[in-house]
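Have a look at the structure below before the remarks.
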Amino acid sequence: MAEKEAIEEAQRKLRSEFLQVLRSRRPSQVPLTVELAKPVATPLFQDAPPSIKEIEIMESCPKSDVENLEDLLEEENLYLNVEEGEQGRLPLLILQLKESDKQRKRPAVVFLHRSYSNKESMRPLLKAYASRGYIAISVDSRYHGERATSATTYLDALISAWKTGETMPFIYDTVWDLIKLADYLTHREDIDPSRIGISGESFGGMHAWFAAVADTRYAVVVPLIGVQGFRWAIDNDKWQARVNSIKPLFEVARDDLGKDVIDKEVVEKVWDRIAPGLASQFDSPYSIPTIAPRPLLILGGAEDRRCPVAGLEIPRSMASQAYGEFQCLDNLKNLEFGTG
């Protein structure tokens with residue numbers, strides 16, 4: 001019992017410290033309000049759009065055998081006003097089956113896109129889960145989708161964060177949005193507030209991971225190829241693949257630091273600047289256990305160089321200890337497939 005209480009206290013402490021960091025670079029807050037939006041005709045991708053194969057994979061997500069599914073789907077396009085500023089409006093895409101019983105509360109699941117993509121890319125998953133009775137939601141992360149204006153919006157925001165230290169576009173600012181999203185979802189009359197899950201792919205997996213750390217209202221958590229050890233990667237010289245995914249940022253930091261090459265010192269300084277604590281007190285060995293006892297499924301790629309599985313040995317061990325103390329080890333699963 002004493003060990004369980006110690007874990008609960010550590011969870012509260014880390015969550016409080018993380019929320020303090022999230023609040024540290026916020027513009028003026030505004031009342032949470034909702035606006036109607038229009039469907040996006042041509043979603044913005046900041047890299048190559050999904051290939052035919054990738055689209056086929058997404059569309060292979062199992063659906064319930066619902067006749068005339070397209071006719072039965074109800075779509076909402078909304079904006080949540082979460083704070084002041086150009087990034088303060090959170091675009092939502094929501095799919096659900098038309099429901100004759102308007103009083104019935106249904107489970108909800110949030111799906112989050114990878115970097116350089118958009119909420120519309122999640123539509124096949126939203127459709128599949130809507131067919132099974134869920135209210136399925138996706139959002140544009142900061143500087144993506146409707147919150148972007150060009151193919152360099154996200155990279156420009158990262159470089160600005162490094163230069164000014166005023167924003168946290170790598171993970172943290174979108175986590176703040178997801179807290180506000182939970183505020184909205186838990187007050188919808190058609191959603192069961194105790195049954196809200198969250199998942200995401202790659203960058204979206206990181207958002208799902210840290211949103212669950214920050215907000216216990218996300219009751220089930222499934223990050224796909226997102227959980228990693230940032231400090232482990234630095235210490236074991238395995239940071240290159242992650243850095244290369246946003247390389248222009250690190251090239252600017254290299255030059256600003258008077259270096260000839262991007263090295264571990266550059267990597268550490270960038271993480272500390274744009275996402276304080278990411279490679280220290282909020283890294284996976286400490287943050288993943290805070291999700292206990294909620295169900296957590298970590299999906300990764302055995303050969304994924306951006307999220308090396310060797311870097312998850314310690315987080316898995318510490319998470320297992322936490323789930324064990326809560327007597328719910330079955331709520332923690334980790335699966336690895338292929339390359340990620």
Region 189-306: equivalent-ellipsoid semi-axes (sqrt of 5 x gyration tensor eigenvalues, Cα, Å): 31, 14, 13
Pairs of alpha carbons in the chain whose separation is greater than 39 Å (percent): 11 percent
If each residue's Cβ is checked for other Cβ atoms within 10 Å, how do M168, M318 rank with the fewest at the top? M318, M168
Using the Karplus equation 6.51 cos²θ - 1.76 cosθ + 1.60 (θ = phi - 60°), what ³J(HN,Hα) coupling, rounded to whole Hz, does each residue of region 141-156 give in order, writing x for Gly and Pro? 5, 4, 6, 10, x, 5, 9, 10, 10, 7, 6, 10, 4, 5, 5, 4
32 Å Cα-Cα threshold exceeded, pairs from K127/K238; K4/K238; K53/K247; K119/K163; K13/K102; K98/K119: K127/K238; K4/K238; K13/K102
Once phi for every residue in region 171-183 is put through the Karplus expression 6.51 cos²θ - 1.76 cosθ + 1.60 (θ = phi - 60°), the whole-Hz ³J(HN,Hα) values, with Gly and Pro written as x, are 6, 5, 5, 6, 4, 4, 4, 6, 5, 5, 4, 4, 4
In percent, what relative contact order does region 2-336 have, based on Cα pairs under 8 Å that are 6 or more apart in sequence? 16 percent
Any residue on another chain or 5+ positions along whose placed amide H is under 5 Å from the amide H of E336 is listed here as G300
Can you give me the Cα centroid spacing of region 210-259 and region 274-318 in angstrom? 11 Å
Could you work out how far the C-alpha centroid of region 78-136 sits from that of region 1-66, in angstrom? 11 Å
Test of understanding: in a Gaussian network model of the chain with alpha carbons linked when under 10 Å, which of K105, K180, K127 would top the mean-square fluctuation ranking? K105
Quick one: Karplus J couplings for region 42-52, per residue in order, coefficients 6.51, -1.76, 1.60, θ = phi - 60°, nearest Hz, x for Gly and Pro? 10, x, 8, 9, 9, 9, 4, x, x, 6, 4
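To the nearest 500 deg cm²/dmol, what mean residue ellipticity at 222 nm is calculated for the chain from DSSP H runs of n ≥ 4 alone, each contributing -39,500 (n - 2.57), summed and divided by the residues? Write out the running numbers ahead of the final one.
Numbers: 13 runs with 130 residues, N = 340.
Value at 222 nm, helices only: -11000 deg cm²/dmol.
Over all directions, what mean area does the Cα convex hull of region 248-340 project, stated in square nanometres?
Values: hull surface 27.7 nm².
So the Cα hull casts an average projection of 6.9 nm².
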Please find, in a Gaussian network model of the chain (springs between Cα atoms separated by less than 10 Å), the residue of V30, V21, V243 whose mean-square fluctuation is greatest. V30
Other-chain or far-sequence residues with amide H under 5 Å of R114's (modelled H): E201, G204
Given a Förster distance of 35 Å, report the FRET efficiency between V261 and R25 from their Cβ-Cβ distance, rounded to the nearest 0.05. 0.75
Candidates A48, A279, A148: whichever shows maximal mean-square fluctuation once the chain is modelled as a Gaussian network with Cα springs under 10 Å: A48
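What does the charge count around E3 come to, taking other residues whose C-beta lies under 13 Å from its C-beta (Lys +1, Arg +1, Asp -1, Glu -1)? Could you put the intermediate results ahead of the total?
Numbers: positive: K4; negative: E5, E8, E9, E325.
Neighbourhood net charge equals -3.
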At 0.36 nm per residue, minus the direct Cα-Cα distance, what do E336 and K247 gain on full extension? Give it in nm, one decimal, please. 29.4 nm
Ratio of the Cα radius of gyration of region 118-188 to 2.2 N^0.38 Å, where N counts its residues: 1.32
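Which whole number in µm²/s is D for region 18-161 by Stokes-Einstein, with the Kirkwood Rh taken over Cα pairs at 20 °C and 1.002 mPa s? Don't skip to the answer; put the middle values down first.
Values: Rh = 16.7 Å.
So the translational diffusion coefficient is about 128 µm²/s.
For I298, what charge total do you get from the other residues with a beta carbon under 11 Å from its beta carbon, if Lys and Arg give +1 and Asp and Glu give -1? Could you put the intermediate results ahead of the total?
Working: positive: R316, K333; negative: E336.
With Lys, Arg at +1 and Asp, Glu at -1, the net is +1.
Taken together, the values in this text are just the output of simple stated rules run on the coordinates, not laboratory data. A quick note: this is a predicted structure, and the numbers were derived from the prediction, not measured. Quick reminder, even Gly has a Cβ in these numbers, built from the backbone with ideal geometry, and neighbours come from all protein chains shown.
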